[in-house]
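A quick write-up on the structure given underneath.
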Amino acid sequence: MKKRVLAMLLTGAMCLSLAACGNDNNAATPNEDSGNNDSGSKEYKIALLMSHQTNAFTTAVSQGAKDKGAELGVTVEVFDGGQDQAKQASQMEQCITQGYDGILVEPISVDGIAPSVKAANEAGIPVITQTQKMTQQDLAKSYCGGNDAAAGELQMQKAVEALGGKGNIVVLYGPMGSDGQLIRKEGYDKILADNPDVKIVFEDTANWKTDEALAKMETWLQTGTEINAVVAQNDSMALGAQKAIEDAGKQDSILVFGVDAVPEGIASIAEGKMDGTVSQDASGQGALGVETMVKLLNGESIEPLNYTECIWVTKDNVADYQ
């Protein structure tokens, strides 16, 4: 009797062993039943809602995001808001309806984006602000991009130093009320408060656009007011101002400073035209956003603020950025 029981137990053990080892075709493999890729991240679908795609900076952010997505094995789809808050809100609604795993958004309006972010939160879809923050930043899980306050301070400080602490400047802003415009201006104001001999004689928005900055600068030059430097909140506007200055034959008497270090801005500095710009690593900002979102979706902890580095670029180090 004992021998029969022992035999039955041994037979059962052999069957279990064969079942465990013999059916490899049904085993879970990466990117199939486990849902994981080689990097350990699931095949997430992430939306990147950009405010616009009309200059080298915003397209570089988008490309950096897509490149990082490919590296991590996740899908990144870019939406162009066209500087239209209503359009961006519609795009956000679309992403919620289509069940994206996460949404990166560069707010067109720091206030207007809030209802859309609340809707995403209610749908259980995490939102990270990309490149520009929102007023109610606590509604988002995090921010990834440049430190606009630091960029504004660095740019204006270098402009003041180049002027020897005295002179007349004009300021070209991004879209009024946008995060980049507001925060960079805070940096400007901080530096100018300590340098009362540097005066703003004209200031207005050119909406990040080269042609608008060109027209604005032409108008200011035609007034005959002494202008010693241009401080533009991005390189596209700085390039427009530079063209107007060259057309007026004043390239030797007016300094021009930008932000973003886009290829056209870098080329202008290398050619001895623009005098300086702030690099905040545009493509790196997009990559940082995707990387941070993937960490969040994987259940990892993330920081509420994630910044790229601000670096001042002039003719002395421009070769490093060409």
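The values are calculated or read from the model by the stated rules, or taken from the named source; none is laboratory data. Worth saying up front: this structure is predicted, and the values here are computed from it rather than measured. Don't worry about glycine lacking a Cβ; one is built from the backbone with ideal geometry, like all the others, and counts go over all protein chains shown.
Values computed for the structure shown
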item	result
Pair list, Cβ < 6 Å and 6+ apart or interchain, from the range 231-246 residues that are in a helix (DSSP H, G or I) to residues that are modelled with pLDDT under 95 and surrounded by fewer than 24 Cβ atoms within 10 Å (Cβ to Cβ)	236/55
Residue under evaluation residue 293, criteria (1) aliphatic (A, V, I, L, M); (2) farther than 20 Å from residue 129 by Cα; (3) assigned to a helix (DSSP H, G or I), criterion not met	(2)
Matching entry among 293, 237, 274 (being crowded, with 24+ Cβ neighbours inside 10 Å and out of contact with any helix residue (DSSP H, G or I) (no Cβ under 8 Å at 6 or more places or on another chain))	293
Every pair of residues 6+ apart whose Cβ atoms lie under 6 Å, when the first sits in the range 51-80 and is touching a residue at least 12 places away in the same chain (Cβ under 8 Å) while the second is surrounded by fewer than 22 Cβ atoms within 10 Å (Cβ to Cβ) and aliphatic (A, V, I, L, M)	62/78
Test: residue in the range 249-261 that is part of a helix (DSSP H, G or I) and not assigned by TED's automatic domain parsing to the domain that holds residue 55	no
Residue identified as of a type in the set (Asp, Glu) and at positive phi among 247, 260, 235, 211	260
In the range 184-217, the residues that are among the hydroxyl-bearing types (Ser, Thr, Tyr) and surrounded by fewer than 17 Cβ atoms within 10 Å (Cβ to Cβ)	none
Extreme residue, nearest to the chain's Cα centre (by Cα), among residues of the range 240-257 that are farther than 21 Å from residue 166 by Cα and surrounded by fewer than 24 Cβ atoms within 10 Å (Cβ to Cβ)	243
Pick from the range 46-64, criterion of a type in the set (Val, Ile, Thr) and either assigned to a loop (DSSP other than H, G, I, E, B) or within 11 Å of the chain's Cα centre (by Cα) (or both), ranking: modelled with the lowest pLDDT	54
Flag for residue 237 being within 30 Å of residue 78 (Cα to Cα) and either modelled with pLDDT of 95 or more or under 18 Å from the mean Cα position of the chain (by Cα) (or both)	yes
Of the criteria (1) buried (at least 20 other Cβ atoms within 10 Å of the Cβ); (2) part of a helix (DSSP H, G or I); (3) of a type in the set (S, T, N, Q), which one residue 283 fails	(1)
Which listed residue is part of a loop (DSSP other than H, G, I, E, B), surrounded by fewer than 17 Cβ atoms within 10 Å (Cβ to Cβ) and in the same structural domain as residue 255 (by TED's automatic domain parsing), from 124, 164	164
Test set (1) under 28 Å from residue 288 (Cα atoms); (2) out of contact with any Phe, Trp or Tyr (no Cβ under 9 Å at 6 or more places or on another chain) - residue 208 fails condition number	(2)
